[in-house]
Every structure is written in structure tokens, then in C-alpha cells.
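Engineer: Structure incoming, see below.
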Amino acid sequence: MEEVHIYCPATIANISCGFDVLGVALDNVGDEMTVRRIPERTIRITRIEGQDLPLATEQNVAGVAGMALLKAAEYDGGFEVEIIKKIKPGSGIGSSAASSAGAVWAMNHLLNSPFSPLQLVQFAMEGEKLASDVAHADNVAPALFGGFTLVRSYHPLDIISIPVPQELFASVIHPQIEIKTSDSRKILKTTIPMETAIQQWGNVGGLIAGLFLEDYDLIGRSLEDHIVEPIRSILIPGFDRTKQAALSEGALGSGISGSGPSIYAFSRGRAMAEKVGLAMKAIYEDIGLEHDLHVSPINIQGIKIIR
Ligand code: HSE
């Protein structure tokens with residue numbers, strides 16, 4: 001096979017209590033990419049549609065992630081990459097992760113899969129490092145594996161797939177301000193009181209148990225973040241009102257998607273997720289801030305071939 005055309009899902013990282021360790025893939029928001037083999041041992045980004053992003057390999061997350069794979073591959077040639085960017089950079093739903101993960105997934109596929117999913121996460125993390133200064137895996141892992149993923153450990157890298165409750169849907173509102181992940185990481189505290197840590201790991205355990213048990217109430221009770229959300233939410237106009245609107249409408253829980261500014265809510269059933277999405281949208285209509293709304297099932301497959 002010489003060429004592959006793929007869908008790369010958007011992702012919600014952190015999922016409130018799991019800063020840098022939890023993430024989930026979305027099914028109807030994502031980029032498209034075409035990757036083809038070329039005889040020269042290099043990565044060429046030849047086209048980016050939809051966003052103004054650098055084509056230079058070393059400045060593009062797909063280029064950097066792809067080079068990490070190419071260095072490790074026993075292959076004389078290289079790859080050409082085209083990206084149809086539908087996820088806005090700086091939106092908080094894993095725009096850089098979709099490009100990084102998509103590039104390495106497609107390249108691995110075109111080489112008959114010499115690398116394991118865990119190795120692909122490691123290559124894709126190089127793209128995340130370029131985008132946010134930190135090689136975090138909580139977006140690239142769900143993009144590659146699908147569903148919910150837990151990064152149990154970074155050293156050594158250990159990623160666990162968590163089951164997806166069948167009726168779980170996500171509503172994500174993106175108020176159109178751009179927050180750079182690197183900036184929103186700089187404002188975080190580097191130490192936390194023991195009491196706060198206890199609350200946080202209780203919620204992480206509760207969320208994982210809720211997902212395994214398909215216990216929607218437990219999932220909802222566990223969607224609390226005592227560490228990052230109180231600080232980062234200050235950067236998002238209308239955050240408290242939007243979260244409250246989602247919860248009042250019947251969402252299980254709500255919080256910042258990734259490093260923001262997008263705000264996500266989980267609901268039981270599509271109809272509730274749509275109602276919750278409209279309630280969140282109403283807040284930004286009232287504030288007068290441009291926004292996009294996505295209501296999506298959870299993507300369980302990860303990156304997929306579309307032709
Ligand atoms: N865990 C990362 C952060 C995700 O919150 O900084 C960025 O999308």
C-alpha cells in the first residue's frame with residue numbers, strides 16, 4: 001500500500017480529575033489526513049487545509065512525530081503528509097494530538113505495522129512536546145487507542161484502556177478565544193496540599209470504577225477537579241455559568257476540556273447531551289462570544305481509515 005486516508009479524532013484530555021493522565025476520543029469531530037510513501041528518506045508536509053500552520057517539518061507536530069518514527073524505522077524511504085485541519089489549534093480538544101497521532105498511525109500502517117501502539121504514543125508525544133513544551137500523552141493515547149485511556153505511568157510509559165459506557169455522550173463548547181497549552185501550564189501550582197491530593201485521587205479512582213461499572217451517577221460524582229480547574233477556569237470567560245448551565249440541564253458532570261478554552265460535559269444519552277449542549281451554547285450567545293458546539297458519541301476505534 002502506498003497511500004492511506006484517515007480520520008483522526010479530537011480528544012478531551014484530563015477529564016476533570018485526571019490532569020495529564022486521563023483522556024477520551026470523540027467520534028464526530030476530527031481531522032483528516034492523507035499520508036503516502038515517497039522514495040526520499042524525509043517527511044514532507046505538502047498541504048494543510050483549514051488552518052494556517054507551518055509546513056516546515058521541524059515546526060509541524062505531524063512532521064516532528066513522523067521524524068521520530070522514521071528514525072526508529074528500518075525503511076529507506078519517507079512520507080508525504082496532507083492535513084485537512086478541522087480541529088482548531090488552541091481549542092482544547094487535542095488539535096496537535098490529532099495531527100501527531102494521525103501521522104505516526106498512518107506511517108506505521110503503510111510500513112505494515114512494525115511498531116506497537118505504545119511505541120506510536122511515544123513518537124506522537126514528540127509532537128506534543130513541540131506544541132506544549134511537555135510530552136504529555138493524555139490526548140495522543142485516546143486518539144490512537146480510542147475510548148478512554150489512563151496513563152498509569154509515564155516512566156515507564158504504561159497506558160490502560162478503560163471501557164466506554166454505551167450511553168455516554170459528550171457535549172463540547174468552544175468559545176473562540178485561543179489558549180496556548182504552554183501558557184496555561186505555566187500558571188499551575190507545582191505543589192498541592194495533601195488534603196487536596198486525597199480528594200483528587202479519590203475522584204480518579206471513582207471515575208475509573210464508574211466507567212467500568214457503567215455507573216453513570218458515580219461517573220458524575222467523580223467529575224471534580226480540585227487542582228487545575230480552579231486556576232485555569234479564570235482564563236475562560238463564562239466558565240462557571242456554562243458549567244452550571246450544563247449541570248442544571250442534567251449533565252452528569254462538566255469541566256475544562258484539556259487546557260481549554262473548550263468546556264466539556266458528559267451526559268447519559270444523545271438527547272440529554274444535545275439539550276446540555278444548547279444550554280451551554282445559550283451562555284455564549286448571552287455573553288456575545290463566538291463559539292462552536294460539538295455533541296458527540298465516544299469514539300471507540302481511535303484513528304480509522306476512511307479510504
Ligand atoms: N494534560 C494537558 C494539559 C492536555 O492540560 O495541559 C492539553 O491538551
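The values are calculated or read from the model by the stated rules, or taken from the named source; none is laboratory data. Model, not experiment: these values are computed from the prediction. As a convention, Cβ positions derive from the backbone with ideal geometry for all residues, glycine included, and neighbour counts pool all protein chains shown.
Engineer: Confirm whether I305 is of a type in the set (A, V, I, L, M) and under 30 Å from M107 (Cβ atoms).
Structural biologist: Working: of a type in the set (A, V, I, L, M): yes; under 30 Å from M107 (Cβ atoms): yes.
Spelling it out, I305 is indeed of a type in the set (A, V, I, L, M) and under 30 Å from M107 (Cβ atoms).
Engineer: For segment 115-163, name all the residues that are more than 16 Å from the ligand (Cβ to nearest atom) and either hydroxyl-bearing (S, T, Y) or part of a strand (DSSP E or B) (or both).
Structural biologist: Within segment 115-163, S116, D158, I160, S161, I162 qualify.
Engineer: Restricting attention to segment 67-91, report how many residues are surrounded by 14 or more Cβ atoms within 10 Å (Cβ to Cβ), within 18 Å of M1 (Cα to Cα) and of a type outside the set (A, V, I, L, M, F, W, C).
Structural biologist: 5
Engineer: Still on this structure: Can you tell me which condition P54 does not meet? The list is (1) surrounded by 15 or more Cβ atoms within 10 Å (Cβ to Cβ); (2) out of contact with any strand residue (DSSP E or B) (no Cβ under 7 Å at 6 or more places or on another chain), and all the others hold.
Structural biologist: Condition (1) is where P54 drops out.
Engineer: Follow-up. Inspect all residues belonging to segment 257-268 and state whether any of them is out of contact with any Phe, Trp or Tyr (no Cβ under 6 Å at 6 or more places or on another chain), farther than 16 Å from L22 by Cα and within 16 Å of the ligand (Cβ to nearest atom).
Structural biologist: Going through segment 257-268, the residues out of contact with any Phe, Trp or Tyr (no Cβ under 6 Å at 6 or more places or on another chain) turn out to be 258-266.
Adding the requirement that they be farther than 16 Å from L22 by Cα leaves 261-262.
Within this subset, residues satisfying the condition of being within 16 Å of the ligand (Cβ to nearest atom) are 261-262.
Yes, there is a match, as at least one residue in segment 257-268 is out of contact with any Phe, Trp or Tyr (no Cβ under 6 Å at 6 or more places or on another chain), farther than 16 Å from L22 by Cα and within 16 Å of the ligand (Cβ to nearest atom).
Engineer: Here are R37, R47, R41: which of them is over 20 Å from the mean Cα position of the chain (by Cα) and touching a residue at least 40 places away in the same chain (Cβ under 8 Å)?
Structural biologist: R37
Engineer: Pick out the one residue from I177, I173 that is of a type in the set (V, I, T), surrounded by 20 or more Cβ atoms within 10 Å (Cβ to Cβ) and under 20 Å from S254 (Cβ atoms).
Structural biologist: Working: I177 fails: surrounded by 20 or more Cβ atoms within 10 Å (Cβ to Cβ).
After ruling out the rest, the residue left standing is I173.
Engineer: Look at V172 and say whether it is at pLDDT 95 or above, more than 21 Å from P54 (Cβ to Cβ) and within 14 Å of the ligand (Cβ to nearest atom). Break it down stepwise before answering.
Structural biologist: Values: at pLDDT 95 or above: yes; more than 21 Å from P54 (Cβ to Cβ): yes; within 14 Å of the ligand (Cβ to nearest atom): yes.
So V172 fits the description; yes.
Engineer: Could we say that I160 is within 23 Å of Q301 (Cα to Cα) and surrounded by fewer than 20 Cβ atoms within 10 Å (Cβ to Cβ) here? Before you say what the answer is, go through the steps one by one.
Structural biologist: Working: within 23 Å of Q301 (Cα to Cα): yes; surrounded by fewer than 20 Cβ atoms within 10 Å (Cβ to Cβ): yes.
Considered against the rule, which asks whether it is within 23 Å of Q301 (Cα to Cα) and surrounded by fewer than 20 Cβ atoms within 10 Å (Cβ to Cβ), I160 comes out as yes.
Engineer: Could you tell me whether any residue of segment 81-100 is over 22 Å from S132 (Cβ atoms), among the hydrophobic types (A, V, I, L, M, F, W, C) and within 19 Å of the chain's Cα centre (by Cα)? If you could, list the steps in order and put the result at the bottom.
Structural biologist: Residues of segment 81-100 over 22 Å from S132 (Cβ atoms): 82, 84.
Those still in the list that are among the hydrophobic types (A, V, I, L, M, F, W, C) too: 84.
Those still in the list that are within 19 Å of the chain's Cα centre (by Cα) too: 84.
Yes, the conditions are met somewhere in segment 81-100.
Engineer: Since V276 meets every condition but one in (1) out of contact with any Leu (no Cβ under 8 Å at 6 or more places or on another chain); (2) surrounded by fewer than 20 Cβ atoms within 10 Å (Cβ to Cβ), which condition does it not meet?
Structural biologist: Of the numbered conditions (1) out of contact with any Leu (no Cβ under 8 Å at 6 or more places or on another chain); (2) surrounded by fewer than 20 Cβ atoms within 10 Å (Cβ to Cβ), the odd one out for V276 is (2).
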